[in-house]
Each structure stands twice: as C-alpha cells, then as structure tokens.
Amino acid sequence: MNLSVQILIALVLSVAVGLGVGPEGLPFINKWIAPIGTIFINFIKMMIVPVVFCSLIVGVTSLGGDSKKLGRISAKTIGLYLVTTAVAIILGFAVAGIIQPGQGLDIAGKVAPKVKEAPTFMQVLVNMVPTNPIDSMAKAQILPIIIFALFVGVGITQVAEKQSKLLMDFFDAAAEVCYKIIAIVMKFAPIGVFALLLPVVCKNGPKVLLPLLSVIMCVAIGCALQCILVYSTLASVGGGISPLKFFRGMSEAMALAFTTCSSAAALPVNMKNCQEKLGLSREVTSFVLPLGCTINMDGTALYMGVCTLFVANAFGVNLTSSDMMMVIFTGTLASIGTAGVPGAGLIMLAMVLQAVQLPMEGLALVAGIDRVLDMFRTTVNITGDGAVCCVVDKSERKHQ
Ligand code: ASP
C-alpha cells in the first residue's frame, strides 16, 4: 500500500478514535500517544536546516554563477507568490461574503488572548539578513538561512574551479543524504500522523467546533477552491502537469502540513516529492520551495480574509470597500511575514484587524478554533508553493 494511502487511513482512524474517546481520554493520550507524534515531528524538523541549506547551495551553484538566471527565477517566483496570495485573500472574502460567518454570534464575556506583537514590514526585511548564520541555523530561521546559503552559493561559483568543484560535490552529496534520511523518516508518517491528530480531535470534539462551524466551513471551502481553481490551473496550464498528478505528488506533504500545521515541517518532504514525483528540477525546487515556505502563505492570507469578515460580523461592524482593500494589502504583507510554524497566522491576524480598526477581542473568538483553521491554511500554504514551483520549473526549461 502506498504511503499517501497509509497516511489517509491514519487520518481517518485518528478522527474516528478521537471522536469515540472524547475529552475524557485526553490525559492518557497526552501522556502516551502525543509524545510519539512529537518524536516524529522532531525527526522531520531535524532535517529542515540541513536540507534547505545544502540544496539551496546546490541550486545556486548549478546556475553556475549566472546571476541573470537567478534574478529571473526570483522575479518570477516572487511575482507569482504575490499574485496567488492576493487571489487567496479575495477568495476568502468572497466565500465569507456568501456564508457570512459570525452573524448573530454572542460575543459577550470573551477576553482577547495575549498575542505577541506582529513585526513591521521593515523589521521583517532587517531580520532577513543574519548577523550570525550559525545562530539563525540553531533557531531554524529559514529566511536568514536562505540569504546566507544564497551568498555561500554565489561565493562558491566565484572561486577557482578546483575549490568550487570540491564544495559543489560536497553539498550535492550532502543534499542527497538529507533526502535519503527524509525518506526513512517518512516511512513512519502514518504512525506520526495518527499520534499528532488524535489529541487535537479529542480536545476539539464536535461540541466545541459547532458554534464556529461557519468560520471553519468558510476557510475549508476557500482552501478547497484555491486548490481546485488556482493551483490546478497553475500546475496544468503553467506547469504542464495534470491536476491529478500534481495533487498525487503533493499528497504526502499536504498530509504532513495538515497534521503538523507547519509549512517548515512539511518543507523537506515537499522538496523531495516535487523533485521525485513531479519531476521538477533540483535547481528550481531548492530555491522556490524554501522561499515559499517563508513568504508564500496563501492559506494564511485566505484565512485573514475570512476572519476579518467574521470578526466584523460578530461585532456588528460594516467593512467599507476601502477597508477591504486595506485587508488585502496588509493581509498580503502579513502573510509574507508569517513564520511557517503553528499558530503564527493568528499573531499576524492581529496586525490586519488593527489596520482596519476591528476589536482585538475578535482574536479570542478565532483563537479557540485556530488549530483547526491552521490545518487547512497550512495545507494550502505548501500546495501553493508546489504549484508556483511547477510554473517556474517549466518556464525555466524553455531557457535551456
Ligand atoms: N501554520 C502556518 C504555516 O506553517 C502559518 C500560520 O499560522 O498561518 O504555514
């Protein structure tokens, strides 16, 4: 049985068992089962820094110091990322505009949770440049690692061939080893997925979810539409890969994103599968995917669209069209600054709510169901990266 099917079975099983056991079983599950999920996810996380670092260097060096090509790939990637993100927010608005989540919701007595302050756009730019790359690696800060790896890669192409060949072979071999380790770890994915999902289902059983079901529905429907309309089109029209092949190839990474709520955790598997299952080049995947994992958060953007409308409805505030433009603008920026870790989107939502002067108490409403929303948005986040990667890969082949 192939791995995606096994993961799917684990997913269904965890929902069935979780609903059957309910919150009473939570202490036992937290003590004995949740740690197995944590161990699995630790193994995956263990590979994030090495795989991003090594394969990005391989990607840059394989461009052979061709800075024009690197510039071209960057421009295409970032352009596509911005467009898909803006489309996602608009889609979020559209779906929420139809379903109107939060109307008539009783919000009395809710208190806003403490959220960290969202970084400003300039702060995000400043933080991109690592003052100490080892420190950035230790903290698994992807964006500074990308910058460092880019420079190391460019540096390698600028030295004498004797030295550059040695380093290129070294990083190429190291990247290969990383992918092998990821393949070994992924063999245990069904067990990991089950152990990760079970506590979530037990804790957020149907009773807790029901009142906020309309928000969950909006995010889920919006995410499904983004995948079906936007990514299928990108993969097939722009990337020459049929939607079926695309989603099949993406399925393992999507399942991992859904269960871990972390784009960063799904990144190593995404990189491996985009190369092996979708046949995309290492040169493109190793640049486009790590970058996407940090700056391209379509699912998070969509969620911001839905949640601002939800909060506005819940508090009886009418959003004007200029408010909506503001949400699209700040939401796109906020999603760029969102880290690929669980719950990061909620922090950035604060920034968007603030931009249109919606009450921060709205965060309390969203916080209760954020984990469930996170599952959907993270899945879309990494699928969007894959779709853009297909387009960039195909267009780069034309230049060869
Ligand atoms: N959990 C999301 C991710 O890792 C970020 C977010 O919270 O929106 O992609």
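In a reduced charge model with +1 at each Lys and Arg Cβ and -1 at each Asp and Glu Cβ, the chain shows a dipole moment near 500 debye about its Cα centre.
The chymotrypsin sites (Phe, Trp or Tyr not before Pro) of region 310-400 that DSSP puts in a loop, and whose beta carbon has at most 15 other beta carbons within 10 Å, are Phe315.
Remark: spin-label model distance Leu229-Asp169 equals 5.3 nm, labels positioned 7 Å along the Cα→Cβ axis. Between the alpha-carbon centres of region 324-371 and region 25-88 there is a gap of 22 Å. With the convex hull drawn over the C-alpha atoms of region 1-90, the volume per residue is 183 Å³. Charges were assigned to the Cβ only: +1 to each Lys and Arg, -1 to each Asp and Glu. The resulting dipole of region 265-400 about its Cα centre is roughly 380 debye. The fraction of all Cα pairs in region 206-299 landing in successive 5 Å bins from 0 to the largest distance is 3, 12, 18, 25, 20, 9, 6, 4, 2, 0, given as whole percents.
Given all pairs of different Cα atoms, what value in angstroms does the Kirkwood hydrodynamic radius of region 274-400 take?
Computed over region 274-400, the radius equals 15.6 Å.
Where only DSSP H runs of four or more residues are counted, the chain gives -25000 deg cm²/dmol as its mean residue ellipticity at 222 nm, each run worth -39500 (n - 2.57).
Would you mind getting the accessible area per residue of region 139-211, heavy atoms of the protein chains only, 1.4 Å probe, in Å²? Walk me through the numbers on the way to the answer.
Details: 4000 Å² over 73 residues.
The answer is 55 Å² per residue.
Short-range pairs are left out: with C-alpha atoms under 8 Å and at least six residues apart, the relative contact order of region 283-400 is 41 percent.
Per residue, the solvent-accessible area of region 236-314 (1.4 Å probe, heavy atoms of protein chains only, all protein chains present) comes to 20 Å².
Taking a straight line from the alpha carbon of Lys203, these lysines sit under 17 Å away, with near neighbours fewer than eight places off in the same chain left out: Lys31.
Calculated translational diffusion coefficient of region 350-400 (25 °C, 0.890 mPa s; Stokes-Einstein with Kirkwood radius over alpha-carbon pairs) equals 178 µm²/s. Computed over the alpha-carbon atoms, region 149-240 gives an Rg to Rh ratio of 1.22, Rh here being the Kirkwood radius from the mean inverse distance.
The alpha-carbon of Lys69 sits under 13 angstrom from the alpha-carbons of these aspartates and glutamates, leaving out residues fewer than 8 places away in its chain: Glu283, Asp393, Glu396. Our estimate of slack between Gln158 and Ala75, defined as 0.36 nm per intervening residue step minus the Cα-Cα distance, is 27.6 nm.
For the chain, the percent of C-alpha pairs falling in each 20 Å distance bin, counted from 0 to the bin holding the largest distance, reads 28, 58, 14, 0. A protection proxy built from the mean count of other Cβ atoms within 10 Å ranks the segments 187-199, 20-32, 233-245, most packed first, as 187-199, 233-245, 20-32. For region 114-191, what does the relative contact order come out to in percent, with C-alpha contacts under 8 Å and a separation of six or more? Relative contact order of region 114-191: 16 percent.
Taking the convex hull of the alpha carbon positions in region 330-370 and averaging its projected area over all directions gives 2.7 nm². Measuring nothing but protein heavy atoms, the accessible surface of the chain at 1.4 Å probe radius is 69 percent carbon and sulfur. Sorted on the mean count of surrounding Cβ atoms within 10 Å across their residues, most packed first, peptides 299-307, 95-103, 271-279 read 299-307, 271-279, 95-103.
The values are calculated or read from the model by the stated rules, or taken from the named source; none is laboratory data. Because the structure is predicted, anything quoted here is derived from the model rather than measured. Every residue, glycine as well, gets a Cβ built from its backbone with ideal geometry; the counts of neighbours run over all protein chains shown. Only protein heavy atoms, including side chains, enter the accessible area calculation; ligands, DNA and RNA are left aside. Shrake-Rupley method; radii C 1.70, N 1.55, O 1.52, S 1.80 Å.
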